[in-house]
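Enquirer: Below are the structure tokens for one structure; questions will follow.
The values are calculated or read from the model by the stated rules, or taken from the named source; none is laboratory data. No experiment lies behind these values; they were computed from the predicted model shown. Every residue, glycine among them, receives a Cβ derived from its backbone with ideal geometry; neighbour counts consider all protein chains shown. The accessibility values were calculated without ligands, DNA or RNA, using every heavy atom of the protein model including side chains. Shrake-Rupley method; radii C 1.70, N 1.55, O 1.52, S 1.80 Å.
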Amino acid sequence: MAEILTKTRARNIFYGGSIFFVVVFIALTAQSHRHIVKTSTAGMPLTEQVALGKHVWEKNSCINCHTLHGEGAYFAPEIGNVMTRWGVADDPETAYEILDGWMQAQPSGIEGRRQMPHFEITEEEMRALSEFLRWADQTDTQGWPPNDAG
Amino acid sequence: MKYQSQSVAKAYFYCAMALFGIQVLGGLLAGWIYVSPNTLSEIVPFNVIRMIHTNALIVWLLLGFFGAAYFLVPEESERELFSVKLAYLQLIILMVGTLGAVGSYLVGIHGGREFLEQPLWVKFGILVAAVIFLFNISMTVLAGRKTAITNVLLMGLWLLCLLWVFAFINPENLSLDKMYWWMVVHLWVEATWELVMAAILGYLMLKLTGVDREVVEKWLYVIVATALFSGILGTGHHFYWIGTPGYWQWIGSIFSTFEVIPFFLMMSFAFVMVWKGRKNHPNKAALLWSLGSSTVAFFGAGVWGFLHTLHGVNFYSHGTQITAAHGHLAFYGAYVALNLAVFTYAMPMLRGRDPYNQVLNMASFWLMTGGMTFMTFVLTFAGTIQTHMQRVLGENYMEVQDSLSLFYLMRFGAGAAVVIGALLFIYSLVVARKREVIQPGPAQAVAGE
Ligand code: HEM
Ligand SMILES: [Fe+2]
């Protein structure tokens, strides 16, 4: 490296530049926060039931097998669009029934097929979970996933 | 070892290696479940095993960083640590927290944000441990000689501990949750941990090659500048499809492409230092791990990261086995191998003996690195097929997975090689022997020496 770039200069560029990028990042994060609340997730109200559903999702660590909006483990199918895949994104009652039927049928016990555990979930929680998944499904994710397979 | 208090690092390294063992065994088991899915499915399901695998990894890497800081800061600052007792207290808190977390996962108590599943009391324990650490290490540095290495190291460690605050922020809105979650995950591995990595690599190069401090330090600032300039806005490559605004597709693609630069610089730095250096350090294994780390980090983080970071590609590859391939090689190259380099360098001094079992140690390098490389290739092939069948043709997830079983079998084989390598590594450092297990070849005379 040439003599123009002394150690002190390199250090000052590092500090100054980093502060600049942190400030820009914070501003964009604040804007994104507003966008999420006001626009991309505003299609369906974030009710207490949806919040409870998110809690059920977390308590059972579903994320360590499934992906949700493409993030998580890659062992089991994408869940962010599952309500669309089942064709029940706009039908809370049927959504609950299908989800409940699915969950009760686990584990399938089929030899050579990946197994989903059985979870102890009350009816209230199951309804909440179903609403949470419908809520997640209506998020504006810029067109992702490419198709219903997720 | 010049300073008594450096010896706390030994306890950190032993604990880290124990968790390393748990991590790779957990990983091997998870890999086996991909091959034979009914294994343990009703006793310890896949999600629990995966939590143990990822959490053990993160904690042992952090223990390694903390231990490395306790080892190198006294030498750099030219004084004893502020408090040895606090350092041990910190370690005890972290170990109790980690083993507590593993235990509670096994009985089904956990959170559900990926990597941050620790029960709240463990999260608080980590916070307390982080505060103790920052206090202890900062008091040491402030009272002693200040160098660019301690400067960058401390900055990285302070920032990464501060970011831990986001582990407590879990909004009810899923998209907000995801956005803030990345402030721990991405800004750790692609910003703050890079500062720690660069500082430690700088220290190792200083010691192993004997290059001028002035040269090392200038490189160091250039490396960390490129890391933060690219990595901070590079967070945008996770904000494409989670409900965040569309402009992140451009910001994320452009800045995360620049993230390749710091990894390229670290690799170049390591090789240029060795090439320029005059010193012929007896610890060849530590040098191998240092060069290997920066090289594999360049491929795993830099090349494999770039592979799927442009939003047009990521639209199809997001959340497939391609992500898994990248995650594995990046973590291995940048942070696992770097930690193993530090252990290899420091352990002989901490135990007051010559570098021993070097040949075994180097064999473990090739076994682990070969295994990880092979695993990355097979997962990349699996991911490419998955992306095409599922994302382009729209075929059902489970059916697509069935057609990938050959790759998962090969991945298990690669994983087994890594586990054997890891156990060999631990053996080579922990078990003292009077003589080398395998005699090294005759030393080669270097021209001009
Ligand atoms: C040592 C540094 C790095 C480590 C340890 C690392 C690790 C990881 C891990 C574990 C994930 C998966 C996260 C999840 O669970 O969702 C991930 C995702 C990702 N990484 Fe990295 N990474 C590193 C550097 C990079 C770099 C330098 C780039 C770009 C040039 C990059 C690009 C990406 C992208 C685009 C994703 C998202 C993949 C998806 O859409 O599914 N990474 N990384
Ligand atoms: Fe990232």
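Enquirer: In the range B:423-434, is there at least one residue being more than 23 Å from the chain's Cα centre (by Cα), open to solvent by 60 Å² or more (accessible area, probe 1.4 Å) and modelled with pLDDT under 95?
Expert: Scanning the range B:423-434 turns up at least one residue that is more than 23 Å from the chain's Cα centre (by Cα), open to solvent by 60 Å² or more (accessible area, probe 1.4 Å) and modelled with pLDDT under 95.
Enquirer: Shifting gears a bit: Search the range A:31-47 for residues that are more than 8 Å from chain B (Cβ to nearest Cβ) and pair each with any residue that is polar (S, T, N, Q) and surrounded by fewer than 18 Cβ atoms within 10 Å (Cβ to Cβ) when their beta-carbon atoms are under 7 Å apart and the residues are at least 6 apart or on different chains.
Expert: That search, which allows pairs on different chains as well, returns A:G43/A:Q138; A:M44/A:Q138.
Enquirer: What tally of residues in the range B:128-179 results from selecting those that are more than 18 Å from A:R11 (Cα to Cα), of a type outside the set (A, V, I, L, M, F, W, C) and part of a helix (DSSP H, G or I)?
Expert: The qualifying residues number 6.
Enquirer: How many residues are part of a helix (DSSP H, G or I) and buried (at least 16 other Cβ atoms within 10 Å of the Cβ) when one looks only at the range B:114-126?
Expert: Going through the range B:114-126 one residue at a time, the tally reaches 4.
Enquirer: Could we say that B:F255 is within 19 Å of B:A199 (Cβ to Cβ), buried (at least 18 other Cβ atoms within 10 Å of the Cβ) and within 12 Å of ligand 1 (Cβ to nearest atom) here?
Expert: Judged against the criteria, B:F255 is not a match.
Enquirer: Restricting the first residue to the range B:389-401 and requiring it to be outside any loop (DSSP other than H, G, I, E, B), which pairs with a second residue that is hydroxyl-bearing (S, T, Y) and open to solvent by less than 80 Å² (accessible area, probe 1.4 Å) meet a Cβ separation below 9 Å and a spacing of at least six or different chains?
Expert: B:M389/B:S403; B:Q390/B:T320; B:Q390/B:Y397; B:R391/B:S317; B:R391/B:T320; B:Q401/B:Y34; B:Q401/B:Y408
Enquirer: Which one is farthest from the other protein chains (Cβ to nearest Cβ) among residues in the range A:67-105 that are touching a His at 6+ places or on another chain (Cβ under 6 Å) and more than 16 Å from ligand 2 (Cβ to nearest atom)?
Expert: So, considering only residues that are touching a His at 6+ places or on another chain (Cβ under 6 Å) and more than 16 Å from ligand 2 (Cβ to nearest atom), the one farthest from the other protein chains (Cβ to nearest Cβ) is A:I79.
Enquirer: Confirm whether B:F271 is within 13 Å of another protein chain (Cβ to nearest Cβ), in a helix (DSSP H, G or I) and either open to solvent by 10 Å² or more (accessible area, probe 1.4 Å) or away from ligand 2 (no atom under 16 Å from the Cβ) (or both).
Expert: no
Enquirer: Next question, about the same structure. What's the number of the condition B:W219 fails, among (1) under 21 Å from B:L287 (Cβ atoms); (2) within 16 Å of ligand 1 (Cβ to nearest atom); (3) within 9 Å of chain A (Cβ to nearest Cβ)?
Expert: Unmet condition: (2).
Enquirer: Filter the range B:386-424 down to the residues that are hydroxyl-bearing (S, T, Y) and more than 18 Å from A:T67 (Cα to Cα), then identify the one that is farthest from the other protein chains (Cβ to nearest Cβ).
Expert: Checked the range B:386-424; the qualifying residue farthest from the other protein chains (Cβ to nearest Cβ) is B:S403.
Enquirer: Condition check: open to solvent by 30 Å² or more (accessible area, probe 1.4 Å) and either at the interface with another protein chain (Cβ under 7 Å from one of its Cβ atoms) or free of Cβ contacts under 8 Å to residues at least 60 places away in the same chain (or both). Does A:T122 satisfy that?
Expert: Considered against the rule, which asks whether it is open to solvent by 30 Å² or more (accessible area, probe 1.4 Å) and either at the interface with another protein chain (Cβ under 7 Å from one of its Cβ atoms) or free of Cβ contacts under 8 Å to residues at least 60 places away in the same chain (or both), A:T122 comes out as yes.
Enquirer: If you don't mind, another one. Out of (1) closer than 30 Å to A:E131 by Cβ; (2) more than 8 Å from chain A (Cβ to nearest Cβ); (3) not in a helix (DSSP H, G or I), the odd one out for B:T244 is which?
Expert: With (1) closer than 30 Å to A:E131 by Cβ; (2) more than 8 Å from chain A (Cβ to nearest Cβ); (3) not in a helix (DSSP H, G or I) applied to B:T244, the lone miss is (2).
Enquirer: Next up: Taking the stated definitions as given, is B:A56 touching a Gly at 6+ places or on another chain (Cβ under 9 Å) and of a type in the set (A, V, I, L, M, F, W, C)?
Expert: yes
Enquirer: With the requirement that a residue be of a type in the set (V, I, T) and buried (at least 21 other Cβ atoms within 10 Å of the Cβ), what does the range B:300-322 give you?
Expert: Matches in the range B:300-322: B:T309, B:T320, B:I322.
Enquirer: Now, a different point. Of the residues B:E190, B:E194, which single one is in a helix (DSSP H, G or I), within 16 Å of ligand 2 (Cβ to nearest atom) and touching a Pro at 6+ places or on another chain (Cβ under 8 Å)?
Expert: The match here is B:E194.
Enquirer: Cβ contacts < 7 Å: first residue touching a residue at least 24 places away in the same chain (Cβ under 8 Å) and more than 10 Å from ligand 2 (Cβ to nearest atom), restricted to the range B:250-262; second residue outside any helix (DSSP H, G or I) and among the hydrophobic types (A, V, I, L, M, F, W, C), any location; separation 6+ or different chain. Result?
Expert: B:S253/B:L310
Enquirer: Taking the range A:10-28 as the region of interest, how many residues are within 7 Å of another protein chain (Cβ to nearest Cβ) and of a type in the set (S, T, N, Q)?
Expert: Residues flagged as within 7 Å of another protein chain (Cβ to nearest Cβ) and of a type in the set (S, T, N, Q) within the range A:10-28 amount to 1.
Enquirer: Taking the options A:K7, A:K59, name whichever one is at pLDDT below 95, within 9 Å of chain B (Cβ to nearest Cβ) and surrounded by fewer than 22 Cβ atoms within 10 Å (Cβ to Cβ).
Expert: A:K7
Enquirer: Follow-up question, since we're still on this one. Name the residues in the range B:315-332 that are in a helix (DSSP H, G or I), within 15 Å of ligand 2 (Cβ to nearest atom) and either within 14 Å of chain A (Cβ to nearest Cβ) or touching a Ser or Thr at 6+ places or on another chain (Cβ under 9 Å) (or both), would you?
Expert: B:S317, B:I322, B:T323, B:A324, B:A325, B:H326, B:G327, B:H328, B:L329
Enquirer: Right, here's the next one. Could you figure out which of (1) part of a helix (DSSP H, G or I); (2) more than 14 Å from ligand 1 (Cβ to nearest atom); (3) at the interface with chain A (Cβ under 8 Å from one of its Cβ atoms); (4) open to solvent by less than 10 Å² (accessible area, probe 1.4 Å) isn't true of B:Y203?
Expert: (3)
Enquirer: Kindly list the number of the only condition in (1) part of a helix (DSSP H, G or I); (2) acidic (D, E); (3) at pLDDT 95 or above that fails for B:E214.
Expert: (3)
Enquirer: Kindly evaluate B:A167 against the criterion of being within 16 Å of ligand 1 (Cβ to nearest atom) and within 11 Å of another protein chain (Cβ to nearest Cβ).
Expert: no
Enquirer: Exactly one of (1) open to solvent by 50 Å² or more (accessible area, probe 1.4 Å); (2) in contact with an Asp or Glu (Cβ under 8 Å, 6 or more places away or on another chain); (3) within 30 Å of B:T384 (Cα to Cα); (4) not β-branched (V, I, T) is unmet by A:P107. Its number?
Expert: The failed condition is (1).
Enquirer: Right, here's the next one. Quick one: in the range B:299-323, which of the residues that are touching a Leu at 6+ places or on another chain (Cβ under 8 Å) and more than 8 Å from ligand 1 (Cβ to nearest atom) is nearest to B:L379 (Cα to Cα)?
Expert: The extreme case among them is B:Q321.
Enquirer: Let me ask you something else. Do we have any residue at all in the range B:276-298 that's touching a residue at least 60 places away in the same chain (Cβ under 8 Å), within 16 Å of ligand 2 (Cβ to nearest atom) and within 22 Å of the chain's Cα centre (by Cα)?
Expert: yes
Enquirer: Another question, then. Do we find that B:T235 is in contact (Cβ under 8 Å) with a residue 24 or more places away in the chain, among the hydroxyl-bearing types (S, T, Y), within 11 Å of chain A (Cβ to nearest Cβ) and within 16 Å of ligand 2 (Cβ to nearest atom) in this structure?
Expert: Yes.
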